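What follows is a set of notes on a single structure, which appears directly below.
The values are calculated or read from the model by the stated rules, or taken from the named source; none is laboratory data. The shown structure was predicted, so the numbers you read here are calculated from the model rather than taken from an experiment. Virtual Cβ from ideal backbone geometry, glycine too; neighbours counted across all protein chains shown.
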């Protein structure tokens, strides 16, 4: 028993240590090591001839003595400007054509002395409008700023030099880099937004700030304050009590044996001398173990939170970013959330127009972007609805006259509204401003993602797994699968996944009403997954639990009627339920081995979980009860995805499999209980390979939509 426990501890460490190491490295900004990803040509200043570096020019064109390209052997090349006349400005510049999006400009800066009046400056300019960030740095200091380009292929001038401030002096620059970033910069960093439709663009944050690069200290400040400390203590206490209760209660199907008895009941049995003291010692020892589990999950929460605030940019390292929508359906969910919060209805036509004018309804990254409308256009007078048409890269309204803009025509969300409604309900009590909505929703989604491994651990404990095996199941989910990346995603998958694991937990506890409520929540979030509830009812009938099956059918039927009524009120039809993509037969889609979205390519260890589920299909053994409950839904879901040929769209990894990852994590651990040694070794190797995919994937998530599983690792 001790040997088995040690093996589990070592296995936990083998998975946890690489994660902790990578995330510790992620907590600080790293220095660029190459021009990989640098949009500036010759940013390292290593190429050139005479006194001129390649690709760089001077403005205004002055005597060569004012501008110097220093490239002595054994030293890093640098650009130097000697300002000799009060009030002049001088810059080394390079022009680059950039697409719409956010960018980060950075360089190492050195000025002549402490008392030098003229600072060094980084400048970005577009169409005659420019903005500069200035710094006095008597030692080499990294300076950086974020800026946003709104029009594709804009010519932006990048400059390193001295502004037209009073005084003279020297400014030197080296390692000049420009990177495209795919997240929203932190609000405390210096940002500049071109193209807002005003005569003069405005800085988004402090124009006179001297601290630009937000380092790990900003994250530590958010963690190391009194409020966070109080919340951390409460979280530890709640998790400790939860684990202790799980340990002291026998499982729902456990025999009434000595091993399954409550520790508290054993501790209070006074029938034999010394029993009370021994029981109290056992309870105390178990409480300490529960505290250790609580500490582990507290660290898991902190790491998930860190992942949502960090992004790795090739060539510049780890940057602190603000949580935000990246692409796909994410900005459209945000639009619906903002509409619900501030207008309390589902008519979205004004929100899409506001986003195109620079509004924040779709998130900071999509300000000024002409988004496709993920909406159904409804004529309230005729009761008809239609979808728009996309061509030429833009969305166009259905050309039928009855859908032309009028007081009788409005746009409603094409996606099920339960997920945006849940997010709006979660943050509404805090009365957020529109500038806070995106960040607040990101925190709620991170919290929901944390509940995934926590509920996976709880269910594993309730079916008889020890703490070590249950922690391994949670680690499989959070550290070796796309679940970690989806903790920063604005998709509904992690929310559905938590609902699914809660439904299975309730079913294993013989709580059919709670299981029905949880599966109804799944169906509301994604209607095609209503098949899970139908499968659970079928299992109850097959096991002879007819009363439980009737209770579940009544609850699910009631929710189905509510969904139909709501859908008719919103869309003037009951047909628009979200089943359309599953009823449409396309080309076969390899949901298992697709290079960009296959579950086995991103989490190959799930192969063992699928195998365990398949073996349980015809089993009636009590030991395979959990696997039997998930077998039919997983099988039907895989067939539906493959037969209908409908992939998860523009997103990261196997998005449509993410909700089932908690189930597969537990199934894999159950399979390992009876697996041979070679199978366990193979599973361990696949888990390590999955970790190498999952961690870089989470840290580079905004850059990896529709990319292969190793794309994140190549960026690191």
Subset of region 668-679, residues closer than 21 Å to residue 626 by Cα and in a helix (DSSP H, G or I), comes to 668, 669, 670, 671, 672, 673
Residue that is farthest from residue 117 (Cα to Cα), among those in region 63-82 that are at pLDDT below 85 and surrounded by 15 or more Cβ atoms within 10 Å (Cβ to Cβ): 71
Among residues of region 415-435, those that are assigned to a helix (DSSP H, G or I) and more than 14 Å from residue 339 (Cα to Cα), counted: 3
Taking region 399-443 and keeping residues without any contact (Cβ under 8 Å) to a residue 40 or more places away in the chain and crowded, with 17+ Cβ neighbours inside 10 Å leaves 403, 409, 426, 440
Could you tell me whether region 367-380 includes any residue that is more than 20 Å from residue 336 (Cβ to Cβ), out of contact with any helix residue (DSSP H, G or I) (no Cβ under 9 Å at 6 or more places or on another chain) and in a loop (DSSP other than H, G, I, E, B)? no
Failed condition for residue 441, given (1) outside the structural domain of residue 659 (by TED's automatic domain parsing); (2) within 17 Å of residue 327 (Cα to Cα); (3) assigned to a helix (DSSP H, G or I), with all others met? (1)
With the requirement that a residue be modelled with pLDDT of 75 or more and farther than 17 Å from residue 356 by Cα, what does region 390-407 give you? 398, 399, 400, 401, 402, 403, 404, 405, 406, 407
Specify the residue that is modelled with the highest pLDDT; the eligible residues are those in region 85-113 that are surrounded by 14 or more Cβ atoms within 10 Å (Cβ to Cβ) and part of a loop (DSSP other than H, G, I, E, B). 89
On the basis of being under 30 Å from the mean Cα position of the chain (by Cα), more than 26 Å from residue 369 (Cβ to Cβ) and in the same structural domain as residue 71 (by TED's automatic domain parsing), does residue 174 make the cut? no
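Matching residues to (1) within 25 Å of residue 422 (Cβ to Cβ); (2) over 22 Å from the mean Cα position of the chain (by Cα); (3) at pLDDT 85 or above; (4) buried (at least 22 other Cβ atoms within 10 Å of the Cβ):
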{"site": "342", "(1), (2), (3), (4)": "yes, yes, yes, no"}
{"site": "347", "(1), (2), (3), (4)": "yes, yes, yes, no"}
{"site": "361", "(1), (2), (3), (4)": "yes, no, yes, yes"}
{"site": "368", "(1), (2), (3), (4)": "no, yes, no, no"}
{"site": "373", "(1), (2), (3), (4)": "yes, yes, yes, yes"}
{"site": "381", "(1), (2), (3), (4)": "no, yes, no, no"}
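Kindly indicate which of 517, 476 is assigned by TED's automatic domain parsing to the domain that holds residue 673, more than 25 Å from the chain's Cα centre (by Cα) and at pLDDT 95 or above.
Numbers: 476 fails: more than 25 Å from the chain's Cα centre (by Cα).
Step by step, each of 517, 476 is checked, and only 517 is assigned by TED's automatic domain parsing to the domain that holds residue 673, more than 25 Å from the chain's Cα centre (by Cα) and at pLDDT 95 or above.
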